[in-house]
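Questions regarding the structure given below will be posed in turn.
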Amino acid sequence: MRVQLHGGPLDGEHVDVDPADPDPWIAIIADGCSEPGGRSVYAPDREGAWRWERDLPWDAM
């Protein structure tokens, strides 16, 4: 399933997600991440829109 990301450094980008994943969130390497070399975390909100949650350092995954 393809979703659009809202907020954070990847606002407006489209990515593929697995709707069957029991833990629905993604962490994507992002140039605009507040953590150099890190990842931006997005997850669906109550309405199903994929929103930016936080940034993670590169070594947190």
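The values are calculated or read from the model by the stated rules, or taken from the named source; none is laboratory data. Keep in mind that this is a model prediction, so the values were computed, not measured. Side chains included, ligands, DNA and RNA excluded: accessible areas come from the protein's heavy atoms. Shrake-Rupley method; radii C 1.70, N 1.55, O 1.52, S 1.80 Å.
For H6, enumerate residues with amide H under 5 Å from its amide H, sequence gap 5+ or separate chain, H modeled in the peptide plane.
For H6, the qualifying residues are G12, W50, R51, W52.
Also, quick follow-up: Can you pull the percent of the chain's accessible area that's carbon plus sulfur, 1.4 Å probe, other chains left in place?
Values: 2020 of 4160 Å².
In the chain, the share of accessible area belonging to carbon and sulfur is 49 percent.
Could you compute how much accessible surface L56 exposes when probed at 1.4 Å, giving the result in Å² to the nearest 10?
Estimated to the nearest 10 Å², L56 gives 30 Å².
Moving on. Tell me, what is the per residue accessible area of the chain in Å², probe radius 1.4 Å? Numbers along the way, then the final one.
Numbers: 4160 Å² over 61 residues.
Averaged over the residues of the chain, the accessible area is 68 Å².
Based on the alpha carbon coordinates of the chain, what radius of gyration and maximum Cα-Cα distance (Dmax) apply, in Å?
Answer for the chain, Rg first and Dmax second: 11.1, 31 Å.
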